[in-house]
Amino acid sequence: MVTAYINHVACTKHDMGRAHPESPARLAAIEDHLISSGIAGLLERHDAPAAKVSEVARVHPLEYIEAIRAASPRAGIVHLDPDTAMCPHTWDAVLHASGAAVLATDLVVERRASSAFCAVRPPGHHATRTRPMGFCFFNNVAVAAKHALEHHGLERVAIIDFDVHHGNGTEDIFSDDERVVMASIFQHPFYPYSGTENVAPNMANVPLPAGSDGKALRTAVEKIWMPALDDFAPQMVFVSAGFDAHVEDDMAMLRFTEADYAWVTQRIKEVADKYADGRIVSVLEGGYALSALGRSVVTHLKVLGGF
Ligand SMILES: [Zn+2]
């Protein structure tokens, strides 16, 4: 079976200003590295549809969805918070980013692909049910997980988040939801300064101090993630795939390399193979050092696809 690669041109038009690190150049860097690595032709490409309001509404209240739509500017850039801004193309990008995650879920559940990667922006894991923040508007991976649970009828899904920032939005949405286990690592203390207090029992959170490298990742995965995932036996695995813990990424201060992303992807694949018939949907989150992002995504895709 194939590995699907899902994106949409709208995601390249969302622009929060020239100096903003969450830039269209990120997706261009990924495309460059797909070509230079020789894996571009091995992926099955899909254009993302726009998510339906009913799909997004499984996660975000209708009033929130409408408020984001209504905030869209006709021209220029409007800030929803100091980090998170909309241009005239943002609303379209937001819908297609979540739509990509929904399509990825359909492809994998219906066995039209063994795994799928969504090369989308804006990212999603900081978006809570009712608040945009940290470059995020709709929580793409949460929309996908709810689609698997409530449309496809799955009973247990895992969400694995290796972005350098804590996925506070995903935690807000799924805390105490017995259908979901979330396993994450994140630099701490660091934005968004969450994930260590009043943590729900279905959250396997591992805060890592600044300077932690791939050894700390491996210890966290083996000691904390794997027991939680083995206990839970997920029927499908979602990944919030942020690559901003890379040593070259100065957004944060962890020291992962491509070899670490290959290793963690392999461990995720082993969990999916053991419990979930191999089903993995991975959705891009952060990653701001352009070359490191491109190389890391290629590494992730090579392991996902077995290339
Ligand atoms: Zn991040």
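Per-residue answers, yes or no, for (1) surrounded by 24 or more Cβ atoms within 10 Å (Cβ to Cβ); (2) under 18 Å from T299 (Cα atoms):
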residue	(1), (2)
L217	yes, yes
I224	no, no
A228	no, no
M236	yes, no
F243	yes, yes
T257	no, yes
R267	no, yes
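Could you check region 243-291 and list, in sequence order, the residues that are on the phi < 0 side of the Ramachandran plot, more than 16 Å from the ligand (Cβ to nearest atom) and part of a loop (DSSP other than H, G, I, E, B)?
Correct list: T257, A276, R279.
Tell me whether region 162-175 contains one or more residues that are assigned to a loop (DSSP other than H, G, I, E, B) and either surrounded by fewer than 24 Cβ atoms within 10 Å (Cβ to Cβ) or more than 16 Å from the ligand (Cβ to nearest atom) (or both).
The answer is yes, given that some residue of region 162-175 is assigned to a loop (DSSP other than H, G, I, E, B) and either surrounded by fewer than 24 Cβ atoms within 10 Å (Cβ to Cβ) or more than 16 Å from the ligand (Cβ to nearest atom) (or both).
Are there any pairs, at least 6 apart or on different chains, whose C-beta atoms fall under 9 Å, with the first in region 162-180 and farther than 18 Å from H60 by Cβ and the second polar (S, T, N, Q) and within 12 Å of the ligand (Cβ to nearest atom), and if so, which?
Hits for this filter: F162/S184; F162/S240; D163/S184; D163/S240; V164/Q187; H165/Q187; H166/S184; H166/Q187.
Taking region 176-197 only, how many residues are within 11 Å of the ligand (Cβ to nearest atom), crowded, with 19+ Cβ neighbours inside 10 Å and not in a strand (DSSP E or B)?
Going through region 176-197 one residue at a time, the tally reaches 1.
Each row is one residue, and each column tells you yes or no for (1) within 21 Å of M251 (Cβ to Cβ); (2) in contact (Cβ under 8 Å) with a residue 24 or more places away in the chain.
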{"position": "A85", "(1), (2)": "yes, yes"}
{"position": "W91", "(1), (2)": "no, no"}
{"position": "A104", "(1), (2)": "no, yes"}
{"position": "V108", "(1), (2)": "no, yes"}
{"position": "A113", "(1), (2)": "no, yes"}
{"position": "C118", "(1), (2)": "yes, yes"}
{"position": "P122", "(1), (2)": "yes, yes"}
{"position": "H126", "(1), (2)": "yes, yes"}
{"position": "M133", "(1), (2)": "yes, yes"}
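For region 119-161, which positions are part of a loop (DSSP other than H, G, I, E, B) and within 14 Å of the ligand (Cβ to nearest atom)?
Residues satisfying the conditions are R121, P122, P123, G124, H125, H126, A127, G134, F135, N139.
Of everything in region 270-298 that's touching a residue at least 60 places away in the same chain (Cβ under 8 Å) and basic (K, R), which residue is nearest to V109 (Cα to Cα)?
That would be R279.
Would you confirm, using the coordinates I've provided, whether V206 is surrounded by fewer than 24 Cβ atoms within 10 Å (Cβ to Cβ), within 16 Å of the ligand (Cβ to nearest atom) and of a type in the set (V, I, T)?
Here the answer is yes, as V206 does meet what is asked.
L217 fails exactly one of the following numbered conditions: (1) more than 14 Å from the ligand (Cβ to nearest atom); (2) more than 30 Å from H152 (Cβ to Cβ); (3) part of a loop (DSSP other than H, G, I, E, B); (4) in contact (Cβ under 8 Å) with a residue 24 or more places away in the chain. What is the number of that condition?
(3)
Read through the list (1) in contact with a Leu (Cβ under 8 Å, 6 or more places away or on another chain); (2) over 23 Å from N139 (Cβ atoms); (3) surrounded by fewer than 22 Cβ atoms within 10 Å (Cβ to Cβ), then give the number of the only condition that S291 fails.
(1)
Which one of the conditions (1) crowded, with 16+ Cβ neighbours inside 10 Å; (2) within 21 Å of L103 (Cα to Cα); (3) touching a Leu at 6+ places or on another chain (Cβ under 8 Å) does L42 fail to meet, given that it meets all the rest?
With (1) crowded, with 16+ Cβ neighbours inside 10 Å; (2) within 21 Å of L103 (Cα to Cα); (3) touching a Leu at 6+ places or on another chain (Cβ under 8 Å) applied to L42, the lone miss is (3).
Please state which one of S98, S115 is more than 16 Å from the ligand (Cβ to nearest atom), under 27 Å from P227 (Cβ atoms), modelled with pLDDT of 95 or more and among the small types (G, A, S).
S115
Looking only at region 220-270, count every residue that is of a type in the set (D, E, K, R) and either within 24 Å of H152 (Cβ to Cβ) or touching a strand residue (DSSP E or B) at 6+ places or on another chain (Cβ under 7 Å) (or both) and tell me the total.
Final tally of qualifying residues: 5.
So A51 fits all but one of (1) in contact (Cβ under 8 Å) with a residue 60 or more places away in the chain; (2) over 22 Å from G286 (Cβ atoms); what number is the exception?
With respect to (1) in contact (Cβ under 8 Å) with a residue 60 or more places away in the chain; (2) over 22 Å from G286 (Cβ atoms), A51 is out only on (2).
The values are calculated or read from the model by the stated rules, or taken from the named source; none is laboratory data. Fair warning: this is a prediction, and the values are worked out from it, not measured in the lab. We place every Cβ from the backbone using ideal geometry, glycine too, and count neighbours over all the protein chains shown.
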